[in-house]
Amino acid sequence: MLVLPQVGMARSVAPEHNVELDALCDWIEASLAFTKLDFISDSDIVDVLTEEEIYESQEFAWELVDNAFAELRRRRECLSAGSPFEIKGDRIVRSKDLENVPAYAFCLTLACAKWYPKWASCLVKPGKKRPDYSEQGQLFEQITVLALEKLLPGWKVLRTGWAPDNPKKIKQVVADVSLFLREPAKEIEPWMSPDANEAGLDIVCCRHFNDARAGLPTIFVQCASGKHAEHKLKTPDEKEWGKVINFTAVFPHRSFVTPFVFTDAEFKRVANKVDGLLLDRIRLLSAGNDGGAWLPEKLTKNLSQWVVPRIAKLQRAT
């Protein structure tokens, strides 16, 4: 197994659990997905937690592990045939190798950055003076576009996010969104800086009708793949966009997409802050719950090229 995360794992003495459930579950998934293990048992996890002195009492550690297995079982059921593991009694068992679940491997790698901050620096693009997360951001947006097209059949999806190979400024983005939604654009200044990129808008989803009229069901999507994703929970700002596009009848709803997974309580808290549709890793990847391949070959190859060397560094770092 991988060593325990550096974040989310504090010493716990009854009656207080100081281990974050999502940290523990991601560690279990990563230990199974990123190592040569075929399975991990609940007793294995209890042993590690006590040996590493996170828990003094095995009985108290069992309480946490039981909760973790319940959460892992929920994740497995939500992903259905798209999940790379199964739970059989007291074991979580690997059922698919990483090359068969490229989107899952990529999103889980992103999530691990939150729990292993010392290793996370290897996620950035090498050879840059400043951290460059554009590559992982573009890959995550591409996954999100394909997932939304499967999760919202009949809807149209437009990717608007800035990219180094397609460096649109806000004027062009507004024009593209205006045309896509059949809504008239307005003046950008003074509401947005003309030097802005996409003003927090990465993807637009809408349901077109054959009457060619405006007033379409619309979702404005923010894709946040970094560990500081919570800073973007209120973006894109629909009111700000309402200043530059004249929404005649239907105002867009907001959606926030992230590679992290939340416990039930945390999901409610984050969804309330988003004030819109929250798609965590499990909801997003449920696009592949029929077990079939849903990513094009080129993207699958790009994801593999991004994931493999970083997982190797995680294995060595731990």
Considering only residues that are over 12 Å from Ile40 (Cβ atoms) and without any contact (Cβ under 8 Å) to a residue 60 or more places away in the chain, which ones fall in region 87-98? Gly89, Ser95, Lys96, Asp97
Under 17 Å from the mean Cα position of the chain (by Cα) and within 30 Å of Lys118 (Cβ to Cβ): is that true of Val308 in this structure? no
Subset tally (residues that are assigned to a loop (DSSP other than H, G, I, E, B), surrounded by fewer than 18 Cβ atoms within 10 Å (Cβ to Cβ) and not charged (D, E, K, R)) for region 225-257: 7
Among residues of region 201-224 being touching a strand residue (DSSP E or B) at 6+ places or on another chain (Cβ under 6 Å) and assigned to a loop (DSSP other than H, G, I, E, B), the residue farthest from Gly242 (Cα to Cα) is His208
Considering only residues that are aromatic (Phe, Trp, Tyr) and assigned to a loop (DSSP other than H, G, I, E, B), look in region 258-268 and name the one that is surrounded by the most Cβ atoms within 10 Å (Cβ to Cβ). Phe260
Filtering region 144-188 down to residues that are closer than 19 Å to Phe247 by Cβ and in a loop (DSSP other than H, G, I, E, B), which residue is nearest to the chain's Cα centre (by Cα)? Thr160
Identify all residues within region 196-213 that are within 28 Å of the chain's Cα centre (by Cα) and surrounded by fewer than 19 Cβ atoms within 10 Å (Cβ to Cβ); write none if there are none. Ala196, Asn197, Arg207, His208
For Glu16, work out the one condition from (1) within 28 Å of the chain's Cα centre (by Cα); (2) over 22 Å from Trp119 (Cβ atoms) it doesn't fulfil. (1)
Which of the numbered conditions does Gly276 fail, given that it passes all the others? Conditions: (1) in contact with a His (Cβ under 6 Å, 6 or more places away or on another chain); (2) closer than 29 Å to Leu2 by Cβ. (2)
Name the pairs: first residue in region 62-75 and closer than 18 Å to Asp280 by Cβ, second residue not in a helix (DSSP H, G or I), Cβ to Cβ under 8 Å, at least 6 apart or on different chains? Glu71/Thr263; Leu72/Phe85; Leu72/Ile87; Leu72/Ile92; Arg73/Ile87; Arg75/Ser83; Arg75/Val261
Take the residues of region 189-230 that are touching a Phe, Trp or Tyr at 6+ places or on another chain (Cβ under 6 Å) and free of Cβ contacts under 8 Å to residues at least 40 places away in the same chain: which is farthest from His253 (Cα to Cα)? Asn197
Which is in a helix (DSSP H, G or I), in the same structural domain as Leu146 (by TED's automatic domain parsing) and touching a residue at least 24 places away in the same chain (Cβ under 8 Å), of Leu285, Leu303, Leu314, Leu299? Leu285
For region 61-75, what are the residues that are over 14 Å from Pro15 (Cβ atoms), in contact with a Leu (Cβ under 7 Å, 6 or more places away or on another chain) and of a type in the set (Gly, Ala, Ser)? Ala68
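Results for (1) closer than 17 Å to Asp22 by Cα; (2) surrounded by 14 or more Cβ atoms within 10 Å (Cβ to Cβ), shown as yes or no for each residue.
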residue: Ser57; (1), (2): no, no
residue: Trp62; (1), (2): yes, yes
residue: Asn67; (1), (2): yes, yes
residue: Arg76; (1), (2): yes, yes
residue: Arg91; (1), (2): no, yes
Output the number of residues of region 8-24 satisfying the condition of being more than 14 Å from Val48 (Cα to Cα) and surrounded by 16 or more Cβ atoms within 10 Å (Cβ to Cβ). 6
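The values are calculated or read from the model by the stated rules, or taken from the named source; none is laboratory data. All values reported here derive from a predicted model rather than from experimental measurement. Positions of Cβ are backbone-derived with ideal geometry, glycine not excepted, and every protein chain shown enters the neighbour counts.
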